[in-house]
Structure formats: C-alpha cells, structure tokens
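Right, one structure below, let's go through it.
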Amino acid sequence: MDRRGGSREKPVADMGIILKSPREIELMREAGKLVCRILDKLEAIVAPGVTTGELNRAAEELINACGATALFKGVKVKDAKFAFPAVLCTSVNDEVVHGIPGGRKLREGDIVSVDCGVRLAGYCGDSARTLRVGRVAAEAERLLKVTQDTLSLALREMRPGRYWSDIARTMQKFVEDQRFTVVRKFVGHGIGREMHEEPKVPNYWDARQNSGDFQLKKGMTVAVEPMVNMGKAAVAYGNTDNWVVVTKDGKYAAHFEHTVAVTDTGVDVLTISG
C-alpha cells in the first residue's frame with residue numbers, strides 16, 4: 001500500500017522519520033522474508049481460472065500459520081465505504097493498486113499485481129509483484145520488465161547522503177524514456193513498527209515537491225514501489241467503494257515494491273528470501 005509527498009530543509013527527526021537500529025532491521029527482515037514466501041507461493045499458484053479470492057486465501061493461511069498479522073485487512077481510509085476486507089491487494093490489468101480479492105477468475109494474458117504486508121514480532125514488511133497469467137502480450141511483458149527495472153534502478157541509486165529527489169527524477173526519466181508513465185497519485189512510504197511511516201517516497205519529481213525532499217541516512221527503512229502505466233499517468237477510483245484505483249484510459253498498469261534499509265554504502269533489501 002502507498003501514500004504521498006517529505007522536507008529538504010528539515011532534519012530527519014523534525015520530519016518524523018524513525019531511524020532503525022540493527023536489531024530492529026533484523027526483525028523487519030523476518031517480516032520481509034515471510035512476505036517473500038507468500039509472494040513466491042502466489043506466483044506458483046497464479047494461472048488461468050484461478051480467482052483472486054483463492055490467492056487471498058492462500059496468503060491468509062500462511063500468514064496465520066506463521067503467527068503474523070496482515071497489515072491491510074481492516075485498514076480504514078477517508079472516503080472508503082468500508083474497511084479493507086482482505087490480506088492482499090490484487091489489482092488486475094488496468095487496476096493500479098488496492099484491488100479487492102473475490103470471485104474474479106484470472107484469464108490467459110492478464111497481469112495481476114499482488115501486494116502483501118505483514119507484521120511479525122512487532123515489525124512490518126511490505127512488498128508487491130505484478131505477475132503474468134499464462135502468456136501475455138509483448139507490450140504487457142515490456143511493461144512488467146520496465147517497472148521491475150525501475151525498482152532495481154532506484155535501489156542501485158540509493159545510498160546515504162543522496163536526496164530522494166535525485167533518485168525519483170532518475171526513475172521517472174527511465175520510465176518516460178520507455179514511453180510509459182509514472183503514477184503520481186500514489187507513492188511509497190517509510191515503514192517500521194507501522195505500515196505507513198514518514199517519509200513519503202514518490203517515484204517522480206517536480207519543483208512543487210521540493211519542500212518534501214529528504215536526504216537518505218543509514219537506518220532509514222522505506223518501501224519503494226514504482227507504479228507504471230502503459231498509457232497516461234491519470235488514475236481514478238474504479239467503482240463507488242473508493243478502494244480500487246484504475247487507469248483513466250483503461251490501459252494496463254504494473255506495480256513492484258520492496259522494503260529496504262539504508263546501509264553505510266547502499267541498501268539492504270529486506271523482502272527477499274536470502
């Protein structure tokens with residue numbers, strides 16, 4: 001899940017950013033490993049005919065078996081008509097984020113973003129992947145590669161002392177050079193004991209955001225999550241419940257996310273199995 005906006009002039013403490021100790025980062029790693037296990041399981045299950053509700057049930061069984069808590073289930077946000085009812089967000093094709101699992105059967109050629117967050121021993125992990133359902137069209141395949149490459153690019157660029165604006169500009173330029181667009185309305189976020197902490201971590205940059213810039217420091221933990229559209233950047237709510245977000249032009253979107261900790265020289269990815 002995601003949010004918006006951070007301050008180039010303000011110290012980290014004044015921005016509400018909570019630096020994590022090595023012990024806290026290791027606890028976050030355990031939560032991240034569980035999220036990775038869940039996404040690996042879902043990737044093995046995804047196929048034509050499988051419902052998004054079946055994916056949710058598989059994820060919930062593993063979360064419960066490991067004594068963790070699902071971060072998304074029960075979340076309430078302004079304007080939504082009900083609390084989020086599932087442990088996963090499952091966003092299919094033109095759905096960008098916050099798709100609600102249910103009876104929808106996946107079809108050959110679909111793409112589905114699966115976003116999962118857990119709290120384990122008091123600390124959170126959050127990660128997302130966009131998965132292929134069978135064989136997908138060449139342009140959808142390219143969308144997935146570009147979005148995943150954008151996340152990899154951001155992680156390579158991250159290190160103490162760099163301003164997030166520089167990394168966000170690099171991400172945006174890479175996406176736009178591939179003739180895709182970056183979603184503006186939803187962004188990444190700090191993470192730790194809570195799913196959403198400061199700072200807000202956008203995937204694009206313009207002059208209006210300068211007051212929200214921040215400098216990377218060792219011990220920061222953030223969820224970096226580029227959302228990339230095949231068509232235009234504009235998004236809207238897809239129905240009246242004010243949860244699922246879709247592209248306005250109906251073209252496909254992709255979403256990849258990792259929880260990471262800033263180290264002395266770069267980042268440590270916490271939502272992987274190793």
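Just so you know, all these numbers are worked out from the coordinates, no wet-lab data involved. Everything numeric here is computed off the predicted structure, so don't read it as measured data. Neighbour counts run over all protein chains shown; Cβ positions are idealised from the backbone, glycine included.
Please give the Cα centre distance for region 164-241 versus region 79-150, rounded to the nearest Å.
17 Å
Take Asp241 and Ser21, extend 7 Å from each Cα along the Cα→Cβ direction, and tell me the distance between the two endpoints in nm.
So the label points at Asp241 and Ser21 sit 4.1 nm apart.
List the aspartates and glutamates whose alpha-carbon lies under 12 Å from that of Lys200, not counting same-chain residues fewer than 8 positions away?
By straight Cα distance, Lys200 reaches Asp2, Asp213, Glu225.
Tell me the relative contact order for region 124-242 as a rounded percent, counting alpha carbon contacts under 8 Å between residues six or more apart. Provide the component values of the computation, followed by the final result.
Working: 169 pairs, mean separation 39.1, N = 119.
Answer for region 124-242 is 33 percent.
So what is the calculated 222 nm ellipticity per residue for the chain, using -39500 (n - 2.57) for each DSSP H run with n of 4 or more, over all residues, to the nearest 500 deg cm²/dmol?
Numbers: 4 runs with 72 residues, N = 274.
Taken over the chain, the calculation gives -9000 deg cm²/dmol.
Sorted by mean Cβ packing within 10 Å, highest first, what order do the peptides 51-58, 79-86 take? If you can, show how the numbers build up before the last one.
Values: 51-58: 19.6, 79-86: 13.9.
Ranking the peptides 51-58, 79-86 by packing returns 51-58, 79-86.
Using a basic spin-label model with each label point 7 Å from the Cα along Cα→Cβ, how many nm lie between Arg162 and Arg132?
Going from the Arg162 label point to the Arg132 one covers 2.9 nm.
Per 0.36 nm of contour for each residue apart, how much would the distance between Ser273 and Lys78 grow if the chain were fully extended, relative to their Cα-Cα spacing?
On the way: separation 195, 0.36 × 195 = 70.20 nm, distance 3.47 nm.
So the chain would gain 66.7 nm between Ser273 and Lys78.
Given the Cα-Cα distance of Glu61 and Arg184 and 0.36 nm per residue of separation, how much length would full extension add, in nm? Before the final figure, lay out the partial values.
Values: separation 123, 0.36 × 123 = 44.28 nm, distance 3.37 nm.
Length gained between Glu61 and Arg184: 40.9 nm.
Could you compute the FRET efficiency for Asp264 and Arg193, with r as their C-beta to C-beta distance and R0 at 22 Å, rounded to 0.05? Don't skip to the end; give the middle numbers.
Details: r = 23 Å, r/R0 = 1.06.
After rounding, the FRET efficiency stands at 0.40.
Report the calculated FRET efficiency for Ala234 and Asn210 (r = Cβ-Cβ distance, R0 = 22 Å), to the nearest 0.05. Numbers along the way, then the final one.
On the way: r = 23 Å, r/R0 = 1.06.
With R0 = 22 Å, the Cβ-Cβ based efficiency is 0.40.
Hey, what did the chain get for relative contact order, percent, Cα under 8 Å, at least 6 apart? Display every interim value, and only then the final one.
Numbers: 710 pairs, mean separation 73.9, N = 274.
Contact order relative to length: 27 percent.
Find how much the distance from Arg107 to Lys145 grows on full extension, using 0.36 nm per residue of separation minus their present alpha carbon separation; answer in nm with one decimal. Don't jump to the answer; show the numbers that get you there.
Numbers: separation 38, 0.36 × 38 = 13.68 nm, distance 2.02 nm.
Full extension of this stretch gives 11.7 nm more.
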